[in-house]
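Accompanying notes for the structure given below.
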Amino acid sequence: SGIVLTGGGAILEGLPEIAEQIFDLPIRRGSPSRIGGGLADHVASPAFGTAVGLTLRAHADWMREAPASGGGPFSRVAETIRGLLREFFQ
């Protein structure tokens, strides 16, 4: 067990060492994972952990509740967005 530091503050130099002394537990910096596409290099930092996590969660929820593909204009737009999100997050 231990503590995972995320967010912009996790990047501060010496923070994990100070946190280990305070909490007397192993500490590590957490970085987003499961990131694909062109933005992976830019958001693979602890500073983006919350934003990436919330985006992945919203995407998973949206994919589960997305309307079935049909012939209407909303369905075509939804299918296009779904395809773009699949490309971005895989």
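Number of residues in the range 75-90 that are over 14 Å from Thr55 (Cβ atoms) and open to solvent by 100 Å² or more (accessible area, probe 1.4 Å) equals 2. So which residues in the range 13-40 are polar (S, T, N, Q), in a loop (DSSP other than H, G, I, E, B) and surrounded by fewer than 12 Cβ atoms within 10 Å (Cβ to Cβ), if there are any at all? Residue satisfying the conditions is Ser33 alone. In the set Arg34, Arg86, Arg64, only one residue is modelled with pLDDT under 85, charged (D, E, K, R) and under 22 Å from Val4 (Cβ atoms); that residue is Arg34. Number of residues in the range 8-44 that are under 14 Å from the mean Cα position of the chain (by Cα) and aromatic (Phe, Trp, Tyr) equals 0. For the range 1-12, a residue qualifies if it is open to solvent by 50 Å² or more (accessible area, probe 1.4 Å), in a loop (DSSP other than H, G, I, E, B) and in contact with a Pro (Cβ under 8 Å, 6 or more places away or on another chain), and the qualifying residues are Ser1, Thr6. Looking only at the range 41-52, decide whether some residue is part of a loop (DSSP other than H, G, I, E, B), touching a strand residue (DSSP E or B) at 6+ places or on another chain (Cβ under 8 Å) and either at pLDDT 80 or above or of a type outside the set (D, E, K, R) (or both). The answer is no, given that none of the residues of the range 41-52 is part of a loop (DSSP other than H, G, I, E, B), touching a strand residue (DSSP E or B) at 6+ places or on another chain (Cβ under 8 Å) and either at pLDDT 80 or above or of a type outside the set (D, E, K, R) (or both).
The values are calculated or read from the model by the stated rules, or taken from the named source; none is laboratory data. This structure is a prediction, so every number in the text was calculated from the model and none was measured. Neighbour counts run over all protein chains shown; Cβ positions are idealised from the backbone, glycine included. Each accessible area value is taken on the protein alone, full model and side chains, heavy atoms only, with ligands, DNA and RNA left out. Shrake-Rupley method; radii C 1.70, N 1.55, O 1.52, S 1.80 Å.
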